[in-house]
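Shown next, in structure tokens, is the structure this report addresses.
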Amino acid sequence: MDHSTHMTHLSSVAAMGLSGFVLAAVVPGVVWLTRRAPLWERVSIPPGLALPLLVLLHAWVMLADLVRPMPVAVTLGSELVLLSAAVTFWVPVVARTRHRLSDTGQCLYLFLAAPLLDIPALGVIAAGHSAEGLAMIVGMLPLGIAAAALTWSWINREERQAADGSPLVVRAGGPHAR
């Protein structure tokens, strides 16, 4: 969301924070609530494409207006495209599709995404919009929290399986995982 040229300072800070929160918390929540919907199989793309797509679109949306002021319609359109990319990013982690990541893959995917998505916010800070950049970073904290929670869950599950003496089950992608 833009960011500094179309809004007052306070509203641009709130917009940046909200944009980050939607990407990091609202989108995965909605995908999780509907994780068994057949739609996700149709929009699912390999994680190796989904991550760079989101990172590049996020950088473009965050930084384009700093280089050259964009019309409001372009800004809103780019936010919708970013929202679509966020959905395709979260599908391999949350939904039941052929591109679902294993437990290890989910942890690595999210831990890799978190700092990559913060780089454009650092660019916003460097451009003199400290409050907006920090609001984006704070808004995206649920991404790191999700990565930590998934890792903790995975570790606990493996410890329980080891204590029970049951064989470790590798959970890979596919519609029957989990």
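The values are calculated or read from the model by the stated rules, or taken from the named source; none is laboratory data. Nothing here was measured: the structure is a model prediction, and the numbers come from that model. Here the Cβ is made from the backbone with ideal geometry for all residues, glycine too, and neighbour counts use every protein chain on show. Protein only, heavy atoms only, side chains kept; ligands, DNA and RNA dropped before computing areas. Shrake-Rupley method; radii C 1.70, N 1.55, O 1.52, S 1.80 Å.
Confirm whether Leu66 is closer than 22 Å to Gly29 by Cβ, touching a Ser or Thr at 6+ places or on another chain (Cβ under 8 Å) and not β-branched (Val, Ile, Thr). I'd like the intermediate steps shown before the answer.
Values: closer than 22 Å to Gly29 by Cβ: no; touching a Ser or Thr at 6+ places or on another chain (Cβ under 8 Å): yes; not β-branched (Val, Ile, Thr): yes.
No; evaluated as a whole, the condition is false for this residue.
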Q. If you scan region 119-141, which residues turn out to be farther than 12 Å from Gly17 by Cα and open to solvent by less than 40 Å² (accessible area, probe 1.4 Å)?
A. Pro120, Gly123, Val124
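Quick check: anything in region 100-108 over 23 Å from Trp40 (Cα atoms) and either part of a helix (DSSP H, G or I) or touching an Asp or Glu at 6+ places or on another chain (Cβ under 8 Å) (or both)? Please lay out each step first, then the result.
Of all residues in region 100-108, those over 23 Å from Trp40 (Cα atoms) come to none.
Scanning region 100-108 turns up no residue that is over 23 Å from Trp40 (Cα atoms) and either part of a helix (DSSP H, G or I) or touching an Asp or Glu at 6+ places or on another chain (Cβ under 8 Å) (or both).
Within region 109-149, track down each residue that is small (Gly, Ala, Ser) and either in a loop (DSSP other than H, G, I, E, B) or in contact with a strand residue (DSSP E or B) (Cβ under 8 Å, 6 or more places away or on another chain) (or both).
Ala127, Gly128 - these are the residues of region 109-149 that are small (Gly, Ala, Ser) and either in a loop (DSSP other than H, G, I, E, B) or in contact with a strand residue (DSSP E or B) (Cβ under 8 Å, 6 or more places away or on another chain) (or both).
Please enumerate the residues belonging to region 140-165 that are among the β-branched types (Val, Ile, Thr) and under 19 Å from the mean Cα position of the chain (by Cα).
Going residue by residue through region 140-165, those that are among the β-branched types (Val, Ile, Thr) are 145, 151, 155.
Ile145, Thr151 - these are the residues of region 140-165 that are among the β-branched types (Val, Ile, Thr) and under 19 Å from the mean Cα position of the chain (by Cα).
Do we find that Ser44 is surrounded by 18 or more Cβ atoms within 10 Å (Cβ to Cβ) and on the phi < 0 side of the Ramachandran plot in this structure? Give the derivation first.
Numbers: surrounded by 18 or more Cβ atoms within 10 Å (Cβ to Cβ): yes; on the phi < 0 side of the Ramachandran plot: yes.
Here the answer is yes, as Ser44 does meet what is asked.
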